[in-house]
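The structure under discussion appears below in the form of structure tokens.
The values are calculated or read from the model by the stated rules, or taken from the named source; none is laboratory data. Worth saying up front: this structure is predicted, and the values here are computed from it rather than measured. Please note: Cβ atoms are built from the backbone with ideal geometry, for glycine as well, and neighbour counts cover all protein chains shown.
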Amino acid sequence: MDIKAHLKALCEAHAPSGYESAVREVILAAWQPLTDAQEVSRMGSLVAYKHGGGAPPRRKIMLCAHMDEIGMIVSHFEGAFLRVRSLGGIDSRAIVGKPVLVHTREGALSGVVGARPLSLLSEAEQERYPALNELYVDLGLSAEEVGRRVRVGDIVTLDLPLIALQERRVAGKALDNRACVAVVTVCLEALQRLKHTWDVLAVASVQEEVGLHGARAEAHRLNPDLAIALDVTFAPQPGVPSPAFELGGGAPLALGANFHPALFEALKKTAERLELPAPIEPTPMASGTDAWAIQISRDGIPTALLGIPTRNMHTSVETVDLRDIERCGRLVAEFIASLDEDFLAQISWDQPEPSKKEDA
Amino acid sequence: MADKALIQALVEAWGPSGHEHKVRALIEGYVRDLADELRVDNGGNLICRMGSGGKKIMIAAHMDEIGLVITALDKPGFARFSMTGGLILLTLIGNRVRFADDTIGTIGVEGSALLPTELPTLKQLFIDFSTGGENGGSVRVGDHAALTREFAVRGDRLIAKSMDDRIGCAVAIEAMRALKGKNLPNEVYFTFTTQEEVGFRGARVAANSIAPDYGIALDVTATGDTPKNNSMAVRLGGGAAIKVIDSGQIVPPAIKELMIRRAEAAGVRYQLEVLSGGSTDAAAIQTALSGIPSGVISIPCRYVHTTSETVDINDVQACIDLLVALLEQPFEP
Amino acid sequence: MPTLRENLKRLSEAIGVSGEEREVRQLLRELTQDHLEDVAVDVMGNLTGRLKGGQAGGLRVLLGAPMDEVGLMVSGGETFLNVLPVGRLDMRYVAAARVLIGAQKTAGVVLFVPIHKSYGQNSLPEPKSILVDTGGKNGAKVGERIAFVGNYAELGGDVVRGKAFQGRAACAVLVALIESLAAAPLPLDIYVAFTAQARIYGRGATVAANRLKPQVAFLLDGSECDDLPRAEGDTQAPMVRLGGGAVLRAAEEMGIPDQRLFAYARSLAEARGLPYQIDFSEAYGTENANISLTQAGVPTLSLSIPVRYMSSPNGLVSLTDLENTQRLLRELLAALTPSILES
């Protein structure tokens, strides 16, 4: 599979939180040939099932990567201009002058995020970034045209392609978290060549950016035995303190209260066995990812988190390394292939005391 | 047109969050003969089923109103309080509150009574419940109170405390009246919820026990139609507001579009709502269990969380009409 | 209009950071070569020529349009490139920008600290703090120019979106005018100059005017639109509207335009029913004053095309404005007599 082309299709789909259908179609097309069954949940998450080779009832592992991106939504009009509010934490500092699409009932309209020219700003305003409520979307249309074609509640997305940088790195919008959706694709593809006894539930979840809603719902509905959440994490750049993880340095494996320690160890051992780099991401409390919602679903679900290092997160030039995606996908696939009937017993919190010699 | 006497009775009832029993009793009186089945759950929610079979739809309108609770007694006749729900400090001084036993208190601010010029902090405010007698009244720590003010009508505009969300309750009751005797294609659970103002707690409990397929909250929303207020597109008199998004929830597009289709087919005047700040019971219903797609029919309301919450009777009727149009047909988003 | 539209797209997408306008210059040479003679690239990098079939002894007129755009220059760096600004950058548009580096057009992005690590930091950074990431370590050489990437698109109606419109919309109008004048010549001796370094104090135009010694000059440029949502309480009517027609500048940063030409242009526009608007603000970076100062003062008029978000990589222009500016300038030339300058 051409991972770059796949990622480009994923990232260039326009699908902010709550409006994920466009990217769901792209993911479904990629996962359909790799899985046995697919469904769309009530909340809009995509679940693809790859059955294991074991005798039923089989154990289930859920892979969860959110597919929503940050965006905006039209809140009201000011003449020919659209005022917007954030849909999932858009960074208003990084969108001024960027091209956007406004998704109307009659199709998408191209526009630009506008701001008043410096000559119309006070001195103080000239020295700071405008806030979101000072920005607007300009479609180059008259007020009448805008009123006829655009409605309050229409969504707005950044309209920028994925581009290739040096050394197998790519930059674009929505790599948070389509990079991890691509990890699941790589994993499912690797599983075509591997034997696995467990069922694999690949979930592309909705509404992570607005409160982990998709993952919470699917964890409750699917009630898996294990879960691995996948989400982007920070790569080093000026202004980003440690811990941060080098692009191309492998997918960090998170360690902390949000994760089952024995599941963490098992994944780490798999990485060691495959000689794949797997740096540890210390995460003492909330991870802020789908893993946070999944872990406390129902009776509790042993959960792990793998990340893809990313620069410029929550901008339209999020930057990742394709090698991290490939290695992470392979790691997850090999881990799944290693799961057997007894795995759950092996990841208990407190191992029985090692038997003493005289008892032997 | 919507029943003003019903609305007046509802808004004048006393029911701060967690203390909805008086409102519940009042509503029970209106709906007992309308519902096929009626129960009060452990969360204090009044759940009224109409119809059976088909999609299970939970309709939520909250009974509670913003209020306050006594935290400490001060000199005789005075007490300190904290808020239950989002009281606006700027609007409190001089307001009157009512306790469960109908004791009336007045909110005052520390210092000279004349010309306070700065926004007070909560700690500077107190309640005067003095009677002139030596002990200064019967108020105790832990007692709850709600703001009080009379219902008023100005043309099509209805003005009262706790339109949030008794007007939602009125919409639900009127819809039940309209649906009574009809062969409903859905199993509808009209749920009058508790503790919305302190975090949608009643609706969350009810959603877990009803386990509906879909949820619809009925609640007020703010407007952007007052002087120098260009914060949002909703305006009073603009019709039922179909929510697109608020701070707690993204309404699934399919639900929003179903509401739009039904409104257009039934000739109900509507507007689309994008709200910053605030949310409704639908946010809690949508995140319950495995996710319950939920929408909101909002009643446009000026001066939300004051004692002069103002709605337009035509908008109220549009909300009733939209709800009835949604429920008397199969619910297929 | 199809040609104007296509030319504008090609011109907008070409790269010509001030001081290194080669790609734009070569494109303009290709677009105008059939109609120009004595074509030269002068010491500053201006592309100049004489309109074929001009009338020797006729009034000697210079038509100018700037080629360059603002950008960056590589100054060093290892993992990330350090840069220096070229021209006056509006730093609001630099955050998370996409760029192309050097003649080989290596792709890069401007680093932006994630909001998770910079929440509440709202001051605009200094240009010297900009870092460019090419993804690798072999990205660029010191001194290479870096251009911002625009996203050319045709929006609704006649509005197009793209970069570098301040100069390139003027270039597109001048190309269209050259074609029009070639098809229907006027009894004038017309010189054209696509000028370099307009965004750094209009220095190219100074040299072009010194060399070509016109008796009168018309300079095309862009003018910032202000028909935008205003701050609360700002009730001033906009001066420059998108779609409002050619802009006549009543004031310049470094002087005022030739009053005879200004009055001539205004009355002619009204007589011909061509839309125009007057910008009373003091604009930055226009070349007019420089040419006015050369040769003991060449009578000069600026005609500007309205551009929204002129300093961003995604400005908006109206093709109708471009058309109308071209028509107005043609009318001005057609009715031009030496007596206008003698009044």
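Here are the numbers:
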read-out	value
Strands (runs of 3 or more DSSP E) contained in segment C:1-74 and holding at least 2 residues crowded, with 19+ Cβ neighbours inside 10 Å	C:47-51, C:60-66
Boolean, C:A103 is closer than 22 Å to A:Y129 by Cβ, among the hydrophobic types (A, V, I, L, M, F, W, C) and either within 26 Å of the chain's Cα centre (by Cα) or more than 7 Å from every other protein chain (Cβ to nearest Cβ) (or both)	no
Which numbered condition A:G89 fails, given (1) surrounded by fewer than 17 Cβ atoms within 10 Å (Cβ to Cβ); (2) in contact with a His (Cβ under 9 Å, 6 or more places away or on another chain); (3) farther than 27 Å from A:V156 by Cβ	(3)
Residue match in segment B:292-301 (condition: without any contact (Cβ under 8 Å) to a residue 60 or more places away in the chain, out of contact with any Lys or Arg (no Cβ under 7 Å at 6 or more places or on another chain) and of a type outside the set (A, V, I, L, M, F, W, C))	no
Near pairs, Cβ below 7 angstrom, 6+ apart or cross-chain, from segment C:211-239 (over 21 Å from A:N133 (Cα atoms)) to any residue that is among the β-branched types (V, I, T) and modelled with pLDDT under 90	C:P214/C:V298; C:V216/C:V298; C:A217/C:I291; C:A217/C:V298; C:A217/C:T300; C:L219/C:I291; C:L219/C:T300; C:D221/C:T286
Condition broken by A:S75, with the remaining ones in (1) within 12 Å of chain B (Cβ to nearest Cβ); (2) of a type in the set (G, A, S); (3) under 19 Å from A:R178 (Cβ atoms) satisfied	(3)
Filter result (part of a strand (DSSP E or B) and either within 7 Å of chain A (Cβ to nearest Cβ) or at pLDDT below 95 (or both)) within segment C:111-137	C:S123, C:L131, C:D133
Spans of strands (runs of 3 or more DSSP E) in segment A:242-360 with at least 3 residues touching a strand residue (DSSP E or B) at 6+ places or on another chain (Cβ under 9 Å), surrounded by fewer than 23 Cβ atoms within 10 Å (Cβ to Cβ) and touching a residue at least 24 places away in the same chain (Cβ under 8 Å)	A:280-282
Residue within segment C:184-196 that is outside any helix (DSSP H, G or I) and among the hydroxyl-bearing types (S, T, Y) present	yes
Listing of strands (runs of 3 or more DSSP E) fully contained in segment B:265-333 that carry 1 or more residues being more than 30 Å from A:G211 (Cα to Cα) and away from chain A (no Cβ under 13 Å)	B:309-312
Residue that is farthest from the other protein chains (Cβ to nearest Cβ), among those in segment C:141-158 that are surrounded by fewer than 23 Cβ atoms within 10 Å (Cβ to Cβ) and hydrophobic (A, V, I, L, M, F, W, C)	C:V142
Of all residues in segment B:167-206 being small (G, A, S) and not in a helix (DSSP H, G or I), the one that is nearest to B:I313 (Cα to Cα)	B:G181
Residue in segment C:177-197 that is more than 27 Å from C:A334 (Cα to Cα) and surrounded by 24 or more Cβ atoms within 10 Å (Cβ to Cβ) present	yes
Evaluation of C:R161 against (1) more than 10 Å from chain A (Cβ to nearest Cβ); (2) surrounded by 23 or more Cβ atoms within 10 Å (Cβ to Cβ) (one fails), failing number	(1)
Matching residues, segment B:273-320, being acidic (D, E) and either surrounded by fewer than 22 Cβ atoms within 10 Å (Cβ to Cβ) or more than 20 Å from B:L258 (Cα to Cα) (or both)	B:E309, B:D312
Residue that is farther than 30 Å from C:Q326 by Cα and in contact (Cβ under 8 Å) with a residue 12 or more places away in the chain, where the choices are C:L47, C:L72, C:L62, C:L51	C:L72
Top-ranked residue of segment A:207-259 - restricted to ones that are within 14 Å of chain B (Cβ to nearest Cβ) and aliphatic (A, V, I, L, M), ranked as nearest to A:W349 (Cα to Cα)	A:A219
Filtered residues of segment A:15-51 (kept if polar (S, T, N, Q) and surrounded by 21 or more Cβ atoms within 10 Å (Cβ to Cβ))	A:S17, A:S45
Residues (modelled with pLDDT of 95 or more and assigned to a loop (DSSP other than H, G, I, E, B)) located in segment C:264-285	C:G273, C:L274, C:P275
Scope segment B:169-198; condition closer than 22 Å to B:C301 by Cβ and in contact with a Ser or Thr (Cβ under 9 Å, 6 or more places away or on another chain); matching residues	B:A172, B:T194, B:Q195, B:E196, B:E197, B:V198
Within segment C:79-100, tally of residues that are over 21 Å from C:Q197 (Cα atoms), more than 8 Å from every other protein chain (Cβ to nearest Cβ) and in contact with a helix residue (DSSP H, G or I) (Cβ under 7 Å, 6 or more places away or on another chain)	0
Test set (1) touching a helix residue (DSSP H, G or I) at 6+ places or on another chain (Cβ under 8 Å); (2) modelled with pLDDT under 95 - A:E167 fails condition number	(1)
Unique residue being surrounded by 19 or more Cβ atoms within 10 Å (Cβ to Cβ) and within 14 Å of chain A (Cβ to nearest Cβ) when the list is B:A170, B:A207, B:A145, B:A160	B:A207
Enumeration of residues in segment A:105-163 that are touching a Pro at 6+ places or on another chain (Cβ under 9 Å), outside any loop (DSSP other than H, G, I, E, B) and more than 7 Å from every other protein chain (Cβ to nearest Cβ)	A:V113, A:E134, A:I155, A:V156, A:T157, A:L158
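Listed here are the residues, each with its yes/no results for (1) of a type in the set (K, R); (2) under 24 Å from A:D91 (Cα atoms).
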{"position": "A:A124", "(1), (2)": "no, yes"}
{"position": "A:D159", "(1), (2)": "no, yes"}
{"position": "A:A164", "(1), (2)": "no, yes"}
{"position": "A:E167", "(1), (2)": "no, no"}
{"position": "A:D199", "(1), (2)": "no, no"}
{"position": "A:L212", "(1), (2)": "no, yes"}
{"position": "A:R216", "(1), (2)": "yes, no"}
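Residue-wise test of (1) more than 19 Å from the chain's Cα centre (by Cα); (2) modelled with pLDDT of 95 or more; (3) closer than 18 Å to C:V149 by Cβ.
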| site | (1), (2), (3) |
| --- | --- |
| C:A40 | yes, yes, no |
| C:G49 | no, yes, no |
| C:G58 | yes, no, no |
| C:L72 | no, yes, yes |
| C:G76 | yes, no, no |
| C:V83 | yes, yes, yes |
| C:Y93 | no, yes, yes |
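For every residue, the table says whether it meets (1) more than 21 Å from B:S17 (Cα to Cα); (2) hydrophobic (A, V, I, L, M, F, W, C).
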{"position": "B:D64", "(1), (2)": "no, no"}
{"position": "B:K75", "(1), (2)": "yes, no"}
{"position": "B:M83", "(1), (2)": "no, yes"}
{"position": "B:L92", "(1), (2)": "no, yes"}
{"position": "B:N95", "(1), (2)": "no, no"}
{"position": "B:I107", "(1), (2)": "no, yes"}
{"position": "B:S130", "(1), (2)": "yes, no"}
{"position": "B:R140", "(1), (2)": "no, no"}
